[in-house]
Amino acid sequence: MDELEKIDFKFEWPGKGYDKVAPNVIETAKKLLELNLIKLEPELSEDGNVVIKHTGVCKKTGLVDNLASGIVEENIYRAIFVHNPKASINCICKGRDTSTTNFCKMSACPILIAGYLYYLKYRDDSEKQVAEEFMKDATDMDIYARNYNELKKLELEQEIEKFISSLALPSIKTLRGCFIGEEGVDTETVINKIANYLFRIGKISSSKYSNITFKDLVTKGITVDKNHLYIVQEIGDGIDYFNKYVRNSKLPTKKQGDNREDISLEEALKVLKNGRKDRYIIINATPLELKKFFMLDAKLPYVFDQTIYFKDYNDEELLKFYEEELAEYHKDMIKEEFKKSFLSYLNRNRKFFPFKNKDLSIFLAGYTSRKDELLLPKEQYDDKSLEELCNNLVGMENIKEQLQQLNKLFMLKKKLSKLGIEISNLNLNLHMMFLGNPRYR
C-alpha cells in the first residue's frame, strides 16, 4: 500500500481492554505495519469513526495464519472501528458487501492495534501525543505503542531492530547480547543509536554508555549499575591475561587459601550472567574472542543468546551505494572504465579512510558532487617510490639494481599496453633478469 498523507484527527482507544492484548496479537499487528498492509483514511468517516484499510481476509484467527504462512489475499477489505466496544477491542468489519456486518469474536483485533501504530507513525500532533502517553493513567499498551514508534524512527536493519524490539514492552527491563565483527567494523554507530533509544524510552538514566574491558572486569571488581548500558570489549586481552597470570600460576606466591584472582574471574562472570532487571550489557568482540568467551562458562551462551554479526560491505556494494548517492549529472557520466577505476581506488585506499561501509560511499559521493568531473580524493595509501625503498636497504646493491630494472620493465609494459602493444614471453624475460638462465618447460 502507498503511504497516506499526515493524519490530523485524534485516535481514541476504544475501551480499556487493550492493556491485556496477547503477545501474538501484538506481533501480528507489528507485522501488518512492517509489511505495509495497513492504511488509515486521513479523515474520520461521516459518523465519526476511524476507517482502517487492510489487505487480507480476517476470519477470527485467519489473519494470523495468513501472515504466518506469508499468504495475503489481494482483495481490499475495510474495517470500521467504533469508539465504544464495551470493554474489549471488538470492531465492526465490512467487506465488499456493505450490507453484511460481521461482529468479530477475537478478544483483541490486530488490525485495530496495527491501525493505532500506523496512526502514531503518521499523526501530526506527535509531540502532544507522546506527552499524553506518559501521563499517570497511560497503560502499558500506550507506552508500548509509543516505544515501538520510537524504535521505527531509528531505521535499523531488521536483525538489529529485533535485537532490541522486546524492550518496547514496559515489563522488559534487561538486555544481554553480543555484537560480533572483524577488527575495524563499525559497531559504534549502532551502539549509539541503541543507547539513545533506551534513554528515550526510559530504560536507562543517560544516553551515555560505559566501555569496559574484560580485563578490568576481572581484576578490578567492577560492578554493573542499574539503568545503565555497558559495552564489554577487549575480550581476548582479558582472557589472555587470566590464562597467563592466574591459570598458569605465574603470580607471586599466595598464602594458602588465598584465591582472590580466581574469585575475581568468578565474580566477573557472575556479574555478566546475573539476570536481574535494569541491567543492560552488550559484548563487543571478534568471532574468535566470542568463542573463547563462551568457553569460560557453560551458561554464557544461554545468557548472551543473541548475536549480531557486523560485516563490511565489499567493494562492489560500496560502488553501488556511491552511485546511488550521486546527483543525476554525475550518474550520467559513469562508464564501465570508471567503475573499474573506482574499485581499484578502493582496493588501495579503503583501509586508510576514517569512514566505514556506507559512510565511506556517502563521503566519496559527497566529494565527487563538489567537482565538475568524476573525481575521487587524493590517494591515501603510503606511496613510497622505489628509490626511497632502496635507500632504506643497506648493501644488497645487486638486488637494488634488479628491482630498478624490473620497475623500468613494468613502466615500459604499461606504456606499450596503452598503445595496444603487449610484451610477449614476459615470464621468460623476468627469469633471465633475475637468474640469467632461461629454462624451457
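Rule-based calculations on the coordinates, nothing more; no lab input. In this text, all values refer to a predicted model and were calculated from it rather than measured experimentally. Neighbour counts are summed over all protein chains in view; Cβ atoms, including those assigned to glycine, are modelled from backbone coordinates with ideal geometry.
Peptides 326-336, 151-161 ranked from most to least packed give 151-161, 326-336, packing being the mean of other C-beta atoms within 10 angstrom over each peptide's residues. One decimal place: the segment Thr189-Leu44 gains 48.1 nm when fully extended, by the rule 0.36 nm per residue minus the C-alpha distance. Here the residues Leu217, Leu319, ranked from fewest to most Cβ neighbours within 10 Å of their Cβ, fall in the order Leu319, Leu217.
Taking Lys and Arg as +1 and Asp and Glu as -1, the other residues whose beta-carbon sits under 10 Å from that of Arg279 total +3. Count Lys and Arg as plus one, Asp and Glu as minus one, and take only other residues whose Cβ is under 14 Å from that of Glu161; the net charge is then 0. Modelled spin labels at Asp305 and Ile334, positioned 7 Å past Cα toward Cβ, are 4.3 nm from each other.
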